[in-house]
Structure formats: C-alpha cells, structure tokens
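Before any comments, here is the structure.
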Amino acid sequence: MALSGKLTKKLVENLRAGRYGDGSGLYLVVDPSGARRWIVRVVVKGQKNKKGAPLRTDFGLGGADIVTLNQARERALEYRRMAKQGLNPRFNAHKEVPTFEEVAQQVHIDRMPTWKNQKHGQQWINTLRDYAFPKIGRMPIDSIDQPEVLMCLSPIWTEKHETARRLSQRIKIVLDVAKSKGLRSGENPVTAIKDAQVLPKVKAKPKHHLAMRWQDVPAFYADLTSRNAMSARALRFTCLTGSRTNEVLGMRWPEIDFDERLWTCPEERMKTGEVHRVPLTDELLAII
C-alpha cells in the first residue's frame, strides 16, 4: 500500500534549497547546488545522548534522483520500526544498493544538458552499453573494484585502445558520482589501476586519410564545378573555406550575412566550441 505525506513528485523535483518535511520524520534536503537527498529523523528506543535525553538521529536514505518518493517513505517506515524496537538503523537497515547500470543511466540523463550535441551524448552511454553493462551492469555499484573494471578494459585495451581509454573515463565518472551520493567508499578503482600501471602502455598509431596530390587538385575542382549535384556544391564550399564536412552540411540560412559577406558558424557545431567566422568570396556566394 502506497504511503502518503505532504510532498509530491512535482514538489520533489522543483523545490528550491532548503529542508522540507513529508511527515513522520522524513525530510527532503535540497542543497544550494540543487542536489536532492532524503533523510529520516528517528528516536532510538532506550538509547540516550550525552545529556541523557532520548537519542534523536538523522539517517540518509539516498539521493532523490535515485530513490523515489515512495521508496523514501518505505525506507523511512523501516527505520522507524527498527528505532521503536531499540535497533540502530545505521547497523541494522537493509540497504537497497543500485546497480552500476542504474547509476550510469542516471548520470547520462543528468548530463544531457551538458553534451556538446546529441550524438556525443549517445556515444557516451553506448560505450558503457557495449563494453561495461554486459559484464558489470547488474552488479551493485558498491561491489565494483579493480578486478571488475579490468574485466571490462582488458579485452579491448590493445586492439581498441581509444575506445578502452574512453570507457575507463566513463566508468570512473559513474563510480565517482556514486561515491558522492554515499553509495560507495574508498579509492576509485579506475584511478588505482592507472596509478599502478596494471595495463600495458599502448602507443597509438594515428590513421590518416590519403591526401590528394596537389597537382591533381585543379582538375578535381574543375570536375566538381561541372556538376550540379548538391553534394558537389557542398564539397566545393568545403574546399574553398577549409571547413569540416559537418560544419558545411549543418549550415543554416540565418548563419549567412549577405550584406557583410560573412558566414558565422555557431559554437555548438565547431569542434573547438568557439564561434567561427568565414569571409565569403564571390565564388562562395555563387555556390550558395
């Protein structure tokens, strides 16, 4: 049966910094940073504080982004029952620890507004989905240590080193977030593996695309000029501006200032994350 109180799901998501009671000792604490966590205040039967008064103690129930309102109410009820029996919840409570995948999915959701673009955000979670979730996804987040991390990294460390390097960074972030929420303790195993140099050093071999001989460029460009296809025009524009393919393909009319003869590519489409301005020649204007 669902337990009821003063708070609602909407309030939990939108209340500003402060401490808000749900009733029966359950509180939502909203930090100035926006982080939200649950605590329950109970009086442990038969236990006294230093002044001889009944022992009144606050216990954390987890972050509100992982523990729902109903789950917090159920855990608070469990803690009150134990306190009434004279049991200290700190030592007797059954804690439901989320899995690695559950925490990772929540981290991904929380960071969506910070991704450079949707593709980058999807790549972040896809790396974990392909190489971490099948092996440690269902494991409790507090049980993951160096052997479990190595189980994910070792098979691809040399063959797909760049992917493995990104995977290690993303696993580290998930474990760091879990620790900040009180779900883990101790050193991050990814950091320990790196510091101990457990994995072999890999010298990355850059793979470059073959470049066209400069002697062939005039004939190639002349051939593009003879074509009316949109792709040929886009490639000519790319060649003349020295831009990246995605920057040109994503171009929108509001970015073009015909009076100033200027193309302004916004920061969200630039690899450097900075606005890029390109003067437009007569030929560039003719292309667009």
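The values are calculated or read from the model by the stated rules, or taken from the named source; none is laboratory data. Just so it is clear, the structure is predicted and the values come from calculations on it, not from any experiment. Backbone-built Cβ (ideal geometry, glycine too); neighbour counts: all protein chains shown. Just so you know, the surface numbers come from the protein's heavy atoms only, side chains and all, with ligands and any DNA or RNA stripped out. Shrake-Rupley method; radii C 1.70, N 1.55, O 1.52, S 1.80 Å.
For Gln47, the residues whose modelled amide H falls within less than 5 Å of its own, excluding neighbours fewer than 5 places apart on the same chain, are Leu55. For the range 88-160, the list of GluC sites (Glu not before Pro) that fall in a loop by DSSP and count at most 14 other C-beta atoms within 10 angstrom reads Glu96, Glu159.
Order the peptides 130-140, 270-280 from the highest to the lowest mean number of other Cβ atoms within 10 Å of their residues.
Numbers: 130-140: 16.5, 270-280: 12.6.
Those peptides, ordered most packed to least, come out 130-140, 270-280.
Relative to the longest principal axis of the Cα atoms of the chain, helix 118-131 runs at roughly 60 degrees. Under the convention that each Lys and Arg Cβ holds +1 and each Asp and Glu Cβ holds -1, the size of the dipole of the chain around its Cα centre is about 1680 debye.
Calculate for the chain the 222 nm mean residue ellipticity that helices alone would give, adding -39,500 (n - 2.57) per DSSP H run of length 4 or more and normalising by residue count, nearest 500 deg cm²/dmol. Could you put the intermediate results ahead of the total?
On the way: 13 runs with 122 residues, N = 288.
Rounded to the nearest 500, it is -12000 deg cm²/dmol.
Taking amide H atoms as placed 1.01 Å from N in the peptide plane, the amide H of Leu61 lies under 5 Å from those of Trp38, Ile39, Val40, each 5 or more residues away in sequence or on another chain. Cα centroids of the range 12-72 and the range 192-213: 48 Å apart.
A simple rule links phi to the HN-Hα coupling: the Karplus curve 6.51 cos²θ - 1.76 cosθ + 1.60 with θ = phi - 60°, which for the range 135-148 gives 9, 10, x, 8, 7, x, 4, 8, 9, 8, 10, 4, x, 5 Hz, with x for Gly and Pro. The listed peptides 103-109, 248-254, ordered by packing as a protection proxy, come out as 103-109, 248-254 (highest mean of other Cβ atoms within 10 Å first). Taken per residue, the accessible surface of the range 92-198 reaches 57 Å², heavy atoms only and a 1.4 Å probe. Helix 230-241 and the longest principal axis of the C-alpha atoms of the chain enclose an angle of approximately 90°.
Just order 67-76, 54-63 by mean Cβ neighbour count inside 10 Å, highest at the front, would you? Write out the running numbers ahead of the final one.
Working: 67-76: 19.4, 54-63: 16.9.
Highest-to-lowest ranking by the protection proxy: 67-76, 54-63.
Here the 3J(HN,Hα) profile of the range 270-277, calculated from phi with Karplus coefficients 6.51, -1.76 and 1.60 at θ = phi - 60°, is 9, 4, 7, x, 10, 4, 10, 10 Hz, Gly and Pro shown as x.
Taking the accessible area of the chain, probe 1.4 Å, and keeping the other protein chains in place, the carbon and sulfur fraction comes to 52%. Along the range 210-221 the Karplus relation, 6.51 cos²θ - 1.76 cosθ + 1.60 evaluated at θ = phi - 60°, assigns HN-Hα couplings of 5, 8, 6, 4, 4, 5, 8, 5, x, 5, 5, 5 Hz to successive residues, with x for each Gly and Pro.
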